[in-house]
1. Looking at segment 146-168, which of its residues are assigned to a loop (DSSP other than H, G, I, E, B) and either loosely packed, with under 13 Cβ neighbours inside 10 Å or in contact (Cβ under 8 Å) with a residue 60 or more places away in the chain (or both)?
2. If ASP38 meets every condition in (1) surrounded by fewer than 19 Cβ atoms within 10 Å (Cβ to Cβ); (2) touching a residue at least 12 places away in the same chain (Cβ under 8 Å); (3) of a type in the set (Asp, Glu) apart from one, which number is that one?
3. Looking at segment 169-194, I want the residues that are assigned to a helix (DSSP H, G or I) and have a partner that is polar (S, T, N, Q) with Cβ atoms under 7 Å, at least 6 apart or on another chain. Which pairs are those?
4. Does GLU15 satisfy being at pLDDT 85 or above and of a type in the set (Asp, Glu)?
5. Got a sec? Which of VAL11, VAL56 is assigned by TED's automatic domain parsing to the domain that holds MET114 and either farther than 20 Å from CYS105 by Cα or in contact with a strand residue (DSSP E or B) (Cβ under 9 Å, 6 or more places away or on another chain) (or both)?
6. Quickly run through segment 3-32 and pick out the residues that are among the small types (Gly, Ala, Ser) and either within 25 Å of the chain's Cα centre (by Cα) or over 22 Å from ASN74 (Cα atoms) (or both).
7. Looking at this structure, is VAL4 touching a Lys or Arg at 6+ places or on another chain (Cβ under 7 Å), crowded, with 21+ Cβ neighbours inside 10 Å and either under 18 Å from ASN122 (Cα atoms) or hydroxyl-bearing (Ser, Thr, Tyr) (or both)?
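The values are calculated or read from the model by the stated rules, or taken from the named source; none is laboratory data. The shown structure was predicted, so the numbers you read here are calculated from the model rather than taken from an experiment. Here the Cβ positions follow ideal geometry from the backbone for every residue, glycine too, while neighbour counts run over all protein chains shown.
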Amino acid sequence: MKQVYILSNQVFIREGIKSFVSSLPDFEVAGSSELMEDRLADLGRAKIDVIVLDLVGVASPTATIRNIRRSMTNARIITFCPVHSSNFAVDALDAGAAGIMTHSCLPMELRIAMGRVMQGDNYIQPDIGMEIFRELRAKDTRHSEVDRLRLTLREEQVINHLMQGKTNRQIGECLSISEKTVKHHVGVLKGKFCAANRLEIVVHAQRLALWTRKRINQ
């Protein structure tokens, strides 16, 4: 039988999942406990096939999933995410979760999820599947946009001075380039961002910087 371990800081949730899994003919509860990072190494030495992970109340959910994946490389993780939180679910998938559920799922949906992940598939609760798909598509679009809008060092320098409200002449003096060259860079930036003016360049550049930081942290 497949061994299931339940990690949750909520006693009621933990005992409820434990009771349900115990009733299944092809799965066996290997244990259950609160989520304590210092115990992951011990769990990694046990033969556990499926981790059912409740992330409610966890300070760093994606980091927790990654830590479990590192400690238990052969175990498949099914995680409970907050209801209607597609961003949260996408981050959990990126971190290594194989199954994504919400606390609104029916017991048999958890049974289906455990069966699917043990076959090597991923499982996403249908209620949030379309939301996750849309978020993944949006993330791919943002990544493509970041690649398309990759800035040169000089363009970044010009933008930094634009953010300070400096004129082309002032920017040229700071960068030791001609005012005409600054004007050229501003024109190129307008084209890259489809911006009508200097203010729009700054706004788009700030959005690009935010997307880039998110991409790095993923």
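1. Taking segment 146-168 and keeping what is assigned to a loop (DSSP other than H, G, I, E, B), we get 149-152, 164-167.
ARG150, THR152, GLN164, GLY165, listed by residue number.
2. For ASP38, the failing item is (2).
3. Taking only residues 6 or more apart or on different chains, the pairs are GLY172/SER178; GLY172/THR181; LEU175/GLN157; GLU179/ASN168; VAL182/ASN168; LYS183/ASN168; VAL186/ASN168.
4. On the way: at pLDDT 85 or above: yes; of a type in the set (Asp, Glu): yes.
Taking the combined requirement at face value, the residue satisfies it.
5. Details: VAL11 fails: either farther than 20 Å from CYS105 by Cα or in contact with a strand residue (DSSP E or B) (Cβ under 9 Å, 6 or more places away or on another chain) (or both).
Of VAL11, VAL56, the one residue that is assigned by TED's automatic domain parsing to the domain that holds MET114 and either farther than 20 Å from CYS105 by Cα or in contact with a strand residue (DSSP E or B) (Cβ under 9 Å, 6 or more places away or on another chain) (or both) is VAL56.
6. Residues of segment 3-32 among the small types (Gly, Ala, Ser): 8, 16, 19, 22-23, 30-32.
Correct list: SER8, GLY16, SER19, SER23.
7. Numbers: touching a Lys or Arg at 6+ places or on another chain (Cβ under 7 Å): no; crowded, with 21+ Cβ neighbours inside 10 Å: yes; either under 18 Å from ASN122 (Cα atoms) or hydroxyl-bearing (Ser, Thr, Tyr) (or both): yes.
No; evaluated as a whole, the condition is false for this residue.
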